[in-house]
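Note sheet for the following structure.
The values are calculated or read from the model by the stated rules, or taken from the named source; none is laboratory data. Computed from a predicted model, the values in this text were never measured in an experiment. We place every Cβ from the backbone using ideal geometry, glycine too, and count neighbours over all the protein chains shown. Areas reflect the complete protein model, heavy atoms only, side chains present, ligands, DNA and RNA absent. Shrake-Rupley method; radii C 1.70, N 1.55, O 1.52, S 1.80 Å.
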Amino acid sequence: MESYRGLDAGYLNPDAPWESATPVLDSLAGAGASWTRMYASGSPVAGSVLSSHLGFPPHRTRDLAAELAAVNAPGYASVLRNSGYAAEFFSASDPAEDNLSAWYRKWYSRVHYDRALEEDSAFFSAAAEYIRDSLARRGKPFVAGLLTRAVRSPSGAVPGMPDSVLAFPLRYRMRWNMRRADKFLGAFLDSIKKMPRSADTYIIVLGDYGLPASGRGAPASGAAGYPNSTWIPFVICGPVPGAPAEHSEVSSQIDIAPTVL
């Protein structure tokens, strides 16, 4: 979930003086395994994607997405693919922007991107239909990765945002965007419940990083280490042994690949 901040997730910040922006995610956290001290390894999105798939942190000064594009480094999706899984990725933003398309092609057998489906409502709907009616019906296990883009705009403005919300400071606009994206996430989950073996499917929800748009931190992504930038949600829901369970140990995106595998 693009720019999903732990600060605005209800299950992570239950004493916040504002309403939770993530009621769907909160319900998943209550039913599955959740991590309350999960932090982004890299910011912006390229560092998060690489860390989550590869299991190691970004370099301090070098752009690994571009400089290591020729390296055949396995990610959790390619390990699963080589073990017989179908593996496909769905991106709401152009994966060539951050040179991520080169990495997705290493890990997944197909990458789905359509400029006409960048808005999260259309993106989630199209991805759910394909996963439910095609990917899940091939008679083999699958891994599907999705990357949204609802909160990507630095101004926090998205199509359809009311003027009354546009008049508020950025942190309020981002919270409105998160609630909107959370609603689309709920519709996506309702749709894929209709696919074969949905009860045996793990749903993993992760924030890539949080834009520093509260009272502290710099306005540019990647420019500050405050928790509103680095604190992110991470929830696994499905046939999880011992769930529901809340994990409070410090963790980060480099832990995701080994955890998934």
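Brief remarks follow.
- Residues satisfying the stated conditions in the stretch 159-175, i.e. under 20 Å from GLU119 (Cα atoms), open to solvent by 70 Å² or more (accessible area, probe 1.4 Å) and in contact (Cβ under 8 Å) with a residue 24 or more places away in the chain: PRO159
- Residue ID - modelled with the lowest pLDDT, chosen from residues in the stretch 199-229 that are open to solvent by less than 70 Å² (accessible area, probe 1.4 Å) and closer than 21 Å to GLY145 by Cα: GLY210
- Reported count of residues in the stretch 102-140, each being free of Cβ contacts under 8 Å to residues at least 12 places away in the same chain and not charged (D, E, K, R), is 4.
- Considering the conditions (1) at pLDDT below 90; (2) open to solvent by 60 Å² or more (accessible area, probe 1.4 Å); (3) farther than 25 Å from ALA187 by Cβ, GLY47 is excluded by exactly one of them, (2).
- Single residue of ALA16, ALA21 found to be open to solvent by less than 30 Å² (accessible area, probe 1.4 Å), farther than 24 Å from ALA144 by Cβ, in contact (Cβ under 8 Å) with a residue 60 or more places away in the chain and part of a loop (DSSP other than H, G, I, E, B): ALA21
- Counting the residues of the stretch 24-53 that are over 16 Å from the mean Cα position of the chain (by Cα) and free of Cβ contacts under 8 Å to residues at least 60 places away in the same chain gives 1.
- Cβ pairs under 7 Å, 6+ apart, first in the stretch 68-82 and open to solvent by 30 Å² or more (accessible area, probe 1.4 Å), second assigned to a helix (DSSP H, G or I): ASN72/LYS106; TYR76/HIS53; TYR76/ALA257; TYR76/VAL260
- Hits in the stretch 92-149 (condition: surrounded by fewer than 19 Cβ atoms within 10 Å (Cβ to Cβ), part of a helix (DSSP H, G or I) and among the small types (Gly, Ala, Ser)): SER101, ALA102, ALA116, SER121, ALA122, SER125, ALA126
- Being at pLDDT below 95 and closer than 28 Å to PRO239 by Cβ is not true of SER3.
- Checked against (1) modelled with pLDDT under 95; (2) open to solvent by less than 20 Å² (accessible area, probe 1.4 Å), PRO57 passes all but condition (2).
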